[in-house]
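Working notes, structure below.
The values are calculated or read from the model by the stated rules, or taken from the named source; none is laboratory data. All values reported here derive from a predicted model rather than from experimental measurement. Cβ coordinates were reconstructed from backbone atoms using ideal geometry, including for glycine residues, and neighbour counts include every protein chain displayed. In case anyone asks, the SASA skips ligands and DNA or RNA and just uses the protein heavy atoms, side chains included. Shrake-Rupley method; radii C 1.70, N 1.55, O 1.52, S 1.80 Å.
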Amino acid sequence: MQALSSVERLRKVKAMNVSFTRPEQQLSPYVALIWVFESRFGVPLADSRLIVPDGRAKIIVLYRNSLCAAVTTRLLSAKEHHIFLVGIQTHPTTIASTATETGTIGIELTPKGLYHLFKLSMHEITNRMVSFEELFGPSGTRLQKRVGDVEDPRAKIALLQTALTHLLQQNEKEYALLDHTLDLLAGTHGMMRVQELAAHLGYTKRYLDRLFQEHVGVSPKSLASILRFQEVYQGWMQHQSPPFFRDQWPAYYYDQSHFIKEFKRFTGFTPQQYTAITNEFGRAFAAKP
């Protein structure tokens, strides 16, 4: 009976599929990628269902089934046929759903995408999510209905990209300093120290912290930590080799203790513990183009 149960769990994990779509050219500085997650059995309970911080806010569209997300002590619930904006994560998130056919579209925003597309105090949605109905009122409700009325996920994505392009065109404000600062952090994979960053830009650390909290949702130091962690994490998820952590962390962390502490902060596990868990759900998203 136990063997059959294990086979059944494996079958449900393999029933998941994640496909990727590149954003339209006009949106490419602000949208990193677009994915569609589909499963005949929801998010499999046999999996750890772990999503780790990646420095990207997300627009989530649940066109089949609903999802729940546990972030620290907070439980977030996303209903079917609703559109949500999810702020940047600073903690690991565990996803759950009912064991039925599931379809979800995710639009992953670059940090620039948040403030070029949305006029919000971004720190208010860090580790949280807000519906498009709440963000945009009747126009958000209308978009939600238009997206819900078409069956093909590709048609839904086309409608969403049109809406985002319209938001981008409405925002005429310049963000040269923020854009340049984010380019520096991304270009160094989070390896540039904040003091060095401030000196290079000619602004105080305090001013940059305020600017980032308002328009990105996290401080430059926090975002740099996430970007640095992702360099090691993405390599591990693609290689699945236990020695990988040992060989790669010295390029990004000053000692092993620092690496383990940061890894546990963003995954909830030590590297050694993480190699023993099943996270095919998270791995499917790590295979990004």
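Run the simple label-point estimate for T278 and L177 please: 7 Å along Cα→C-beta, distance reported in nm.
5.1
Run the 1.4 Å probe and let me know the accessible area of K173, rounded to the nearest 10 Å².
120
Using protein chains only and a probe of 1.4 angstrom, how many square angstrom of Y207 are accessible, to the nearest 10?
Y207 exposes around 80 Å² with every protein chain in place.
Compute a Gaussian network model of the chain, connecting alpha carbons closer than 10 Å, and tell me which residue from P138, P29, P92 fluctuates the most.
P138
How much length, in nm to one decimal, is gained on full extension between L135 and R22, taken as 0.36 nm per residue of separation minus their Cα-Cα distance?
Numbers: separation 113, 0.36 × 113 = 40.68 nm, distance 2.53 nm.
Roughly 38.2 nm would be gained on extension.
Hey, if we sort S139, S131 by accessible area with the 1.4 Å probe, largest down, what's the order? Don't skip to the answer; put the middle values down first.
Values: S139 55, S131 20 Å².
Sorted descending by solvent-accessible area, the residues read S139, S131.
Could you tell me the distance between the Cα centroids of the stretch 79-137 and the stretch 157-236, to the nearest Å?
18
With springs only between Cα atoms under 10 Å, which of E101, E134, E80 fluctuates most in a Gaussian network model of the chain?
E134
Please compute the per residue accessible area over the stretch 161-289 with all protein chains in place, 1.4 Å probe, rounded to a whole number of Å².
Normalised by residue count, the accessible surface of the stretch 161-289 is 53 Å².
How do H200, H215 rank by accessible surface area computed with a 1.4 Å probe, from largest to smallest?
On the way: H200 110, H215 40 Å².
Reading off the accessible areas and sorting them downward yields H200, H215.
Share of Cα-Cα pairs in the stretch 162-289 beyond 20 Å, in percent? Present the calculation step by step, with values, prior to reporting the outcome.
Details: 4409 of 8128 pairs.
The proportion of pairs with Cα distances above 20 Å equals 54 percent.
Just list whichever of K112/K264; K79/K261; K173/K221; K58/K221; K79/K119 have alpha carbons separated by over 30 Å in the model shown.
K79/K261
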